[in-house]
Amino acid sequence: MHESARPDEAVQRLIATYLEEVAVALADLPPAQRREILDDLRAHIADALAAAPEQNEAAVRNILDRMGTPDDLARDARERLGISPPPTAAALGEPGLLEYAAIVLTALLWPIGILLAWSSAWWQTRHKVIATLIGVLGIMAVVFGLISFTVVSGTSVTAEVVLDVPVYVGEGTPTAEATPPTGPAEPSRRFWRQVGEAGPRILVLPLILLIPASPLLSAGYLAYRLRHPGRRRSRPRDVVGAVHAT
Amino acid sequence: MDTNALLTQMRRGALEYCVLGLLARGEAYGFELVQQLGQTPVLLTSEGTIYPLLSRLHREGLVETEWRESPSGPPRKYYRVTPAGEVALEAFREQWRAFRDAVDSILQTGKAETGAS
């Protein structure tokens, strides 16, 4: 009995490893289809193993050999299901002149650079979107900042006029009714008025810095993604997790 | 190498209908189908490739599936041809006959002529 326990473990491990490899090879398939194929393969292995004269490692290896390699299965599945294979880093080769020109121009002449980046197949669409958004949002932040600055400073000017009136009146005609209520309130009003004037300016400073910074950030992101292209679509960890879950 | 690639292409087109044809004889589960196809090794090289094919037939509505308990091990998915599948199979039968006859008539013409003269 103990002798059969160990081969069984090895058998299960062989099957699990094979299915994991298939899952990774099929990573670019829609999850539902991938799961269906994996379930079918698992059932097939169980049936084939039950039909085999012996349920040992050799029998499983034989069954898995007949099933085809994970890469063969994945290629066939893509052709059958009409899914184009994912462009791999190897297929794309090394980044070329276009990619480096795109990064440099994104920093210097943002609109032209980002167009070049979009014309390159090297970056994934979502990375291009992020790089574009960094640039666009930077410019939008500046625009909104300037608009809100002029609005806020406009209201603070009118507030100044209103606030200045009792001060002027207080100095010009020292009446007992006007001075006492405005007197104690005035230091705090002054303080808030100063904040109201300085606040937008403090906010605007980083926004102004963003004007040259957003293309730089955009270019920096593209450069980062050139070094770290990332896996396309599903990550293998999710896929392997799906195998264990089912 | 070339004949291999050619065979792969021919197999790809015909295998779907061979599976449909087998299922038209009676419902079957995946491993059964593989065994039946395996009797003619020309048709199926990597056995696992039948499952993406079945998945596609299912999505196209040419076969329907049903899970049933198996006497040994996990439940089995049985495949059955739908009426749409029957229609597709009949259409392929006619096309295949015409195709086969056309290819045969050309390939055998040479033989027939040399045989006649």
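The values are calculated or read from the model by the stated rules, or taken from the named source; none is laboratory data. It should be emphasised that the depicted structure is a prediction, and the values quoted were computed from it without experimental measurement. Cβ: placed from backbone, ideal geometry, glycine included. Neighbour counts: every protein chain shown.
Points to keep in mind about this one:
- Unique match (being more than 9 Å from chain A (Cβ to nearest Cβ), aliphatic (A, V, I, L, M) and over 16 Å from the mean Cα position of the chain (by Cα)) among B:A102, B:A24, B:A91, B:A14: B:A102
- Residue match in the range A:13-31 (condition: buried (at least 18 other Cβ atoms within 10 Å of the Cβ), closer than 20 Å to B:Y29 by Cα, within 13 Å of chain B (Cβ to nearest Cβ) and without any contact (Cβ under 8 Å) to a residue 24 or more places away in the chain): no
- Inside the range B:47-73, residues that are at pLDDT below 85 and facing another protein chain (nearest Cβ under 8 Å) make up a count of 3.
- Being charged (D, E, K, R), within 9 Å of chain A (Cβ to nearest Cβ) and free of Cβ contacts under 8 Å to residues at least 12 places away in the same chain is a description that applies to B:E32.
- Qualifying residue in the range B:74-88 (condition: more than 18 Å from A:I45 (Cβ to Cβ), within 14 Å of chain A (Cβ to nearest Cβ), touching a strand residue (DSSP E or B) at 6+ places or on another chain (Cβ under 6 Å) and part of a helix (DSSP H, G or I)): no
- In the range A:49-57, the condition of being part of a helix (DSSP H, G or I) and in contact (Cβ under 8 Å) with a residue 40 or more places away in the chain is met by at least one residue.
- Top-ranked residue of the range B:36-69 - restricted to ones that are among the small types (G, A, S) and free of Cβ contacts under 8 Å to residues at least 24 places away in the same chain, ranked as surrounded by the most Cβ atoms within 10 Å (Cβ to Cβ): B:G48
- Residues of the range A:58-77 classified as closer than 19 Å to A:A27 by Cα and free of Cβ contacts under 8 Å to residues at least 12 places away in the same chain, total: 5
- Test: B:A14 is surrounded by 13 or more Cβ atoms within 10 Å (Cβ to Cβ), part of a helix (DSSP H, G or I) and modelled with pLDDT of 95 or more: no
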